[in-house]
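Participant: One structure, pasted below without further comment.
Where a number appears in this text, it was derived from the coordinates with a stated rule and is not lab data. No experiment lies behind these values; they were computed from the predicted model shown. Cβ coordinates were reconstructed from backbone atoms using ideal geometry, including for glycine residues, and neighbour counts include every protein chain displayed.
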Amino acid sequence: MEVTSSYAGSSSRPLEREVTWRHAMNFAASVQDHNPWYFDDEREDGIVAPPMLAVALTWPFGESASTYWDEKKFPLDLLVRQVHYTEQIVFDRPLRPGDKLTITADLPMILPHRAGTYMIIRCTARDQKGDRVFIEYAGTLLRGVKCTDKGTTVEAPPETPRFRGDNGPLWENVTHLGPMAAHIYDGCADIHNPIHTSQRFAKWVGLPGIIVHGSCTLSVALRDIVNREANGDPRRVKRLGCRFTGMVLPDTDITVRALGRTSGEDTDWAHFEVLNGDKRRAISDGFVEFARG
């Protein structure tokens, strides 16, 4: 299978989404995140949504691609080959129940990759005032799909930090993902892809069986990082990102390892990785940038 980078620069039709308290709470519950900021709706200012809810809000661009993309502007027939490879989200403010968002997507970068073709889908969410709420850079790997040219970069995503400490983890936390973890996340997050819920389909595309969503693993990691590095306050999250470098299977343990801390002018950074049940990296080069508390 082949593709060219001529799709770079294409844009979608707009997607209208509303953040609801039910979706926010269910998302947090699906990754065992008991943070009161997501559940205590008796707070004077109400609750906020988990930052990673952003990936659920933009998911229709992938799940219902033909609704939002013109087939001449997007390789719709190749999406069956896509694998979530990188993720980065930049937040202008926290997501809150009641937010009514207009989200648009475009393809700022398509490049050859040794395993196929690497494509960035950039999703920009704005509220009813037209103010930007977040930008997501979802990196998709089209496995086995050859890019027949040198690739095109209309606009590169923000540079991501890589931490190279060698003193061992600052701390680590083990979470067991139960046998129904992928199904629970699928339903509560409302992010559906049959590789996470159908043994038959997962094996048909060459996987060993059902695998846990990469965004689920990242959400568990963010839960631990927020609780340990930001005093449990998700409103401080300004940016997050990672590379997905290994599979996580249901009914296995994952280990979130905090690798180090760095500081900028007015923000702090937490760097992390996640190991799967085989002690291999499922997430590499993970980072969260926090507003200084």
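Participant: If we count other beta carbons within 10 Å of each Cβ, what is the order of V145, V248, fewest first?
Facilitator: Ascending Cβ contact count within 10 Å gives the list V145, V248.
Participant: Let me ask something else. In which sequence would V205, V226 go, from the one with the fewest C-beta neighbours within 10 Å to the one with the most?
Facilitator: V205, V226
Participant: What's the local net charge at R96, with K and R +1, D and E -1, over the other residues with C-beta under 12 Å away?
Facilitator: So the environment of R96 carries a net charge of -1.
Participant: Please go through region 138-241 and write out the GluC sites (Glu not before Pro) that DSSP classes as loop and that have at most 13 other C-beta atoms within 10 Å.
Facilitator: Those satisfying the criteria are E155, E159.
Participant: Name the lysines eligible as straight-distance cross-link partners of K129: C-alpha to C-alpha under 19 Å, and not fewer than 8 places from it in the same chain.
Facilitator: Partners found: K100.
Participant: Further question on the same structure: Give me L76, L249, L107 sorted ascending by neighbouring Cβ count inside 10 Å, so fewest comes first. Spell out each step's value before the answer.
Facilitator: Values: L76 13, L249 20, L107 23.
Lowest count first: L76, L249, L107.
Participant: Still on this structure, I have one more. What is the antiparallel percent of DSSP beta bridges lying wholly in the chain, to the nearest 5?
Facilitator: Percentage antiparallel, nearest 5: 95.
Participant: Now for a different question. Which of rounded, prolate, oblate describes region 143-293, given a ≥ b ≥ c as roots of the alpha-carbon gyration tensor eigenvalues and a/c under 1.5 marking rounded, otherwise prolate only if a/b is larger than b/c? Mind showing how you got there, number by number?
Facilitator: Values: a/c = 1.85, a/b = 1.30, b/c = 1.43.
Oblate, because a/c is 1.5 or more while a/b does not exceed b/c.
Participant: Under 17 Å between alpha carbons, and skipping anything fewer than 8 positions from K146 in its own chain: which aspartates and glutamates qualify?
Facilitator: Correct list for K146: E2, D77.
Participant: Still on this model: Mind scanning K72/K150; K150/K203; K73/K203; K73/K150; K73/K238; K150/K238 and naming the pairs with a C-alpha gap bigger than 24 Å?
Facilitator: Table pairs above 24 Å Cα-Cα are K150/K203; K73/K203; K73/K238; K150/K238.
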